[in-house]
Amino acid sequence: MPRVASFEELNRHLLAACRRDDVRVVHRQSVSIGQAWQEEQPYLRPLPSRPFECCVTRQVHLNGYSQVTGRIQSLLDPDGTSAAGIDPHSLSF
């Protein structure tokens with residue numbers, strides 16, 4: 001985890017890491033991450049003109065097994081104490 005003094009410094013750090021990653025070639029791929037991005041860009045659609053919810057938010061509760069169950073997966077909460085701190089967005093893949 002980088003130690004930074006501000007969000008601006010964090011953003012600079014992350015941008016530098018992304019630029020370094022652009023030249024990396026992923027195992028079994030023939031082009032770098034940056035080249036793949038350039039090839040994909042023309043197929044991306046623009047963002048909508050108005051804000052939208054990209055997920056479904058639901059109230060969640062622990063079951064008897066200390067799990068929070070989503071539509072597809074379950075999250076384990078062994079001591080049963082953090083259900084209130086779980087972001088329901090994490091259940092919407």
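The values are calculated or read from the model by the stated rules, or taken from the named source; none is laboratory data. For clarity, every value in this text was computed on a predicted model and none was experimentally measured. Cβ: placed from backbone, ideal geometry, glycine included. Neighbour counts: every protein chain shown.
Taking first residues from the stretch 28-45 that are farther than 18 Å from residue 15 by Cα and partners that are part of a loop (DSSP other than H, G, I, E, B), the Cβ contacts under 9 Å between residues at least 6 apart in sequence or on separate chains come to 39/31. Candidates 56, 31, 68, 23: the one that is surrounded by 11 or more Cβ atoms within 10 Å (Cβ to Cβ) and either touching a His at 6+ places or on another chain (Cβ under 6 Å) or at pLDDT 95 or above (or both) is 31. Each residue in the stretch 35-67 was checked for being out of contact with any strand residue (DSSP E or B) (no Cβ under 9 Å at 6 or more places or on another chain) and within 30 Å of residue 25 (Cα to Cα), and 12 pass.
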